[in-house]
Amino acid sequence: MQGIFNLVLLSCIVIKPVYRQTLKEVISSPPEKWYHTITVYPKEDVHPVDSTLFYTGFAGGDTFFVFIRAYQRVKIAASILKDDQEDILNDDWVLIVLDTQGKGNTGYAFQANPIGTKRDFILSEGGDKFVEWDGNWDVKVMRTRYGYNMMFIIPLSSMTYVKHAWGLRIERFIANRGELQAICNTGSFQSLSGIAQIDVDFNKISKEKRTLYGYIAKFQTLPSFYIRAYKNWESGKPSFYSLMYGGNIRLKKGNSTLLDLTLYPDFSDIEADIMEIPLNRKPIYYPEKRPFFMEGRDLLLTPVNLIRTRNFNDLKGGIKFYTKTPSMSTILFIVQDAFFDTISFGKVTLTPIRNYSVGFQYIFSPSSYKFLTSDASFPISKKHNVGVKLQATHREDTVSTLLFGEIYKRSEFQGLDMSLQFMHLDKNFLTPLSNLYFDDINEAFIKIAYGKPIGKEASVKPEINYFVDKSASGDTLVDKYISATFTISRNEIGLSFIFQKESMPYLNVDLEDKTYTYLGGYLEYTISSYQSVSLTVLKGRNLGFESYSISAKVKTTPFHIFNLGFKFDRISYESASGIPSEALYQLFGIISIHRFNFILKPYIGIHEVGEQNLLFTKQIAYVNLSESLKLFGVYMYNIRKLNGNLLSKSADYTIKVVYNF
């Protein structure tokens, strides 16, 4: 197996790591040989104007590091202050992806900007699977006269690895030029094929030693406990007070095995969603943010997701267990929710050969749902990033089936980016657990895009998306959508021309025309993640009436000490339609005081639908009193009015103390 792995990676480069006793020696004793990146977007260039040099290795036998020397002539763009935010992609950043299993199916991703803000996630081959995780690692950044230095420090106890060749990809993004650099041009950000190889001498590292940061690669017991004082006030009802408590115990070994038991978990301090107004009136499925469901979630994913954990709104308790080896992973959840009663779900995934995986998933509830799923993914051409995904699911309690297949080609930067999908759903397949909209359908989906660089700083990309849902039993149209965009980007500026059309027979409205058609454009000016302005304007017809849609977003970093964003959305119809206009105003941000020991997360939203107005706010503050003790304060306030008259209002006050033993 190692020979096969080497043959794949030799098409790129083989990296020889260095071995040092301490992290100080990493800086004071650099090696003679450094490696470098090349520019892969917007146009390939083996000699970038702003070069990136790096070397990698091990310190103390138990910590992996990557040292980056980044030369940069243009202004450094970095403004996002909060860790684990996808918005970091609009800053300057460096990304490290480590395939420590040598299978080419998943990799640990570590990302940081030049002010030290971090993000980590799990990257899966074939794309569509960016799953956040919470690894124990650090990054040190130092500004220099030529740009900046960056050192990623990753304890081995935070990862699972095998004793043969590892895969490595390093990418660097320069926002002011829209330039992406990498060790090798694999054609796709989402690909783990054809990346560099690290030739590790495992005799010089040890997993059982204490790391430089105190982590031990044996089982750790990580209990925590919270007490929450809660007050609710609602108009027309008496206010009440409540004292709640709960906690969890985590038994963890590196990142390979976890047992997590939680009782009466409290998620009141999870930040509010940034909301949207859908043109097609379908519900929007906002992402999961609760830690209990996030860690290890990549082990549960299937091509068609059947478990939307955000639907568990009143969780009484839960058990989570997962374990990973080089050739197999297993994950199991058992949760008790007030609405769903007790539900168990889990998955076993086998990876016998590099880039090939087969999974088996189940969902079981004693009183209702019983699902069995098998899925597979494998490459057709690793060189061209072409692969296949398959899924078959049988619901036993209603004797119904889901079948799914996809052929894809990934190429986000330049060249052809394509996806062809087909899905069949029998009657009575849907449950409140999933994010599927319809059953008893046959669905076809096509995406075709082609990126083309223009010179060294600009690019164009046309893209077409088309899907159609038809009744599986009667061939009746259920839903049909087509969109076409043409995007031109140069440095900080992006401009798109947009066409959208959707037929919506599923709508329960007494109108003959159940379609919308819009033409418009999108303009964006982005210096960094929180130094950006964007505007989308669409005009056309919706449900047979003249309509327009506008969306604007401004994100800024006042005084370079906090992040603040404003978002405005509106969809309007001609007055003769009788359809109420809808508008949404949102203010959000993060304010850090005293080096992130005191943090405020403000959110204010105003939602207007015709003459009805809703004001909703959620203000979160927390203080790190010590490494073990945190204090949270949460205030939520809602007020609803119709024609200026009060309909209802409510307020919640929460104080929560969390102690991690």
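The values are calculated or read from the model by the stated rules, or taken from the named source; none is laboratory data. All values derive from a computational prediction rather than experimental measurement. Don't worry about glycine lacking a Cβ; one is built from the backbone with ideal geometry, like all the others, and counts go over all protein chains shown. Note: areas computed on protein heavy atoms with side chains; ligands, DNA, RNA excluded. Shrake-Rupley method; radii C 1.70, N 1.55, O 1.52, S 1.80 Å.
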- With charges only on Cβ, +1 for K and R and -1 for D and E, what is the dipole size of region 551-620 about its Cα centre, in debye, rounded to 20? 560 debye
- Item | Greater than 30 Å apart at Cα, pairs in Lys163/Lys316; Lys204/Lys382; Lys452/Lys553; Lys163/Lys370 | Lys163/Lys316; Lys204/Lys382; Lys163/Lys370
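Which length gain, in nm to one decimal place, applies between Leu243 and Glu86 when the Cα-Cα distance is subtracted from 0.36 nm times their residue separation? Could you put the intermediate results ahead of the total?
On the way: separation 157, 0.36 × 157 = 56.52 nm, distance 3.53 nm.
Computed gain between Leu243 and Glu86 is 53.0 nm.
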- Sketch the reach of a paramagnetic label on Lys140 as a point 7 Å from Cα along Cα-to-Cβ, and name the residues of region 151-182 whose backbone nitrogen lies under 15 Å away. 151-155
- Can you list the lysines whose alpha carbon is less than 18 Å from that of Lys514, not counting same-chain residues fewer than 8 positions off? Lys282, Lys470, Lys480, Lys501, Lys539
- Please sort by residue number the chymotrypsin sites (Phe, Trp or Tyr not before Pro) in region 550-614 whose DSSP state is loop and whose Cβ has at most 12 other Cβ atoms within 10 Å. Phe596
- In region 218-326, taking the dipole from +1 charges on Lys and Arg beta carbons and -1 charges on Asp and Glu beta carbons about the Cα centre, the listed residue (Leu279, Ser256, Met294) farthest towards the positive end is Ser256
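Multiplying the sequence separation of His164 and Glu32 by 0.36 nm and subtracting their Cα-Cα distance, what value in nm do you get? The partial results should precede the final answer.
Details: separation 132, 0.36 × 132 = 47.52 nm, distance 2.52 nm.
Full-extension gain reported as 45.0 nm.
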- Note on the structure: Once the mean of 1/r over all distinct C-alpha pairs in the chain is inverted, the Kirkwood radius in Å reads 27.1 Å
- Message: Assuming 0.36 nm per residue, please report the length gained on full extension of the stretch Thr401 to Ile550 beyond their Cα-Cα distance.
- Response: 49.6 nm
- Cα centroid separation, region 408-472 to region 620-661 (Å): 39 Å
- Task: Hand me the trypsin sites (Lys or Arg not before Pro) from region 565-661 located in a DSSP loop with no more than 10 other Cβ atoms within 10 Å, in residue order please.
- Result: Arg595
- Message: If I take R0 = 35 Å and measure r between the Cβ atoms of Leu507 and Phe559 in this structure, what FRET efficiency does the formula 1/(1 + (r/R0)^6) give, to the nearest 0.05?
- Response: 0.15
- Item | Built amide H within the under 5 Å cut-off of Ile15, gap 5+ | Gln197, Ile198, Asp199
- Cα Rg, Dmax, region 342-414, angstrom units: 15.5, 50
- What is the set of long-range amide H partners of Ile80 at a cut-off below 5 Å, with H atoms built 1.01 Å from backbone N? Ser529, Tyr530
- Task: Report ³J(HN,Hα) in whole Hz for each residue of region 642-649, in order, from the Karplus equation J = 6.51 cos²θ - 1.76 cosθ + 1.60 where θ = phi - 60°; Gly and Pro get x.
- Result: 10, 6, x, 9, 5, 9, 6, 7
- Out of region 601-650, which GluC sites (Glu not before Pro) are coil in DSSP terms and have no more than 15 other C-beta atoms within 10 Å? Glu611, Glu627
- Between the modelled labels at Ile655 and Ile593 (7 Å from Cα along Cα→Cβ) the distance in nm is 1.7 nm
- Item | Estimated vicinal HN-Hα couplings, Hz - region 472-483 in sequence order (Karplus 6.51, -1.76, 1.60; Gly, Pro = x) | 6, 9, x, 6, 8, 5, 9, 7, 8, 9, 9, 9
- Note on the structure: With a 25 Å threshold on alpha-carbon distance, the violating pairs from Lys118/Lys630; Lys231/Lys618; Lys82/Lys347 are Lys82/Lys347
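I'd like the FRET efficiency for Ala376 and Ser268, computed as 1/(1 + (r/R0)^6) with the beta carbon distance as r and R0 of 45 Å, rounded to 0.05.
Numbers: r = 40 Å, r/R0 = 0.90.
The calculated FRET efficiency here is 0.65.
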- Item | Förster radius 45 Å - calculated FRET efficiency between Leu535 and Gln619, Cβ distance, rounded to 0.05 | 0.95
- Any idea how far apart Asn232 and Ile464 come out in nm if each label point goes 7 Å out from Cα toward Cβ? 5.3 nm
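With only Lys, Arg, Asp and Glu charged, each at its Cβ (+1 for the first two, -1 for the last two), find how big the charge dipole of region 466-604 is about the Cα centre; round to the nearest 20 debye. Intermediate values should be presented prior to the final figure.
Numbers: 13 positive and 13 negative charges, 150 e Å.
Dipole size: approximately 720 debye.
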- Note on the structure: Per the helix-only model, the chain has a calculated mean residue ellipticity at 222 nm (DSSP H runs of ≥4, -39500 (n - 2.57) each, divided over all residues, rounded to the nearest 500) of -500 deg cm²/dmol
- Note on the structure: With all protein chains present, region 485-591 has a carbon and sulfur share of its accessible area (1.4 Å probe) in percent of 63 percent
- Task: Return the aspartates and glutamates within reach of Lys324: Cα separation strictly under 19 angstrom, same-chain partners fewer than 8 residues apart disregarded; answer none if there are no such residues.
- Result: Asp99, Asp120, Glu125, Glu132, Asp134, Glu208, Asp260, Glu295, Asp298, Asp375
- Query: How much accessible surface area, in Å² rounded to 10, belongs to the heavy atoms of Tyr71 with a 1.4 Å probe?
  - Reply: 70 Å²
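Compute the accessible area per residue over region 312-420, keeping the other protein chains in place, probe 1.4 Å, unit Å². Display every interim value, and only then the final one.
Details: 4620 Å² over 109 residues.
Each residue of region 312-420 exposes 42 Å² on average to a 1.4 Å probe.
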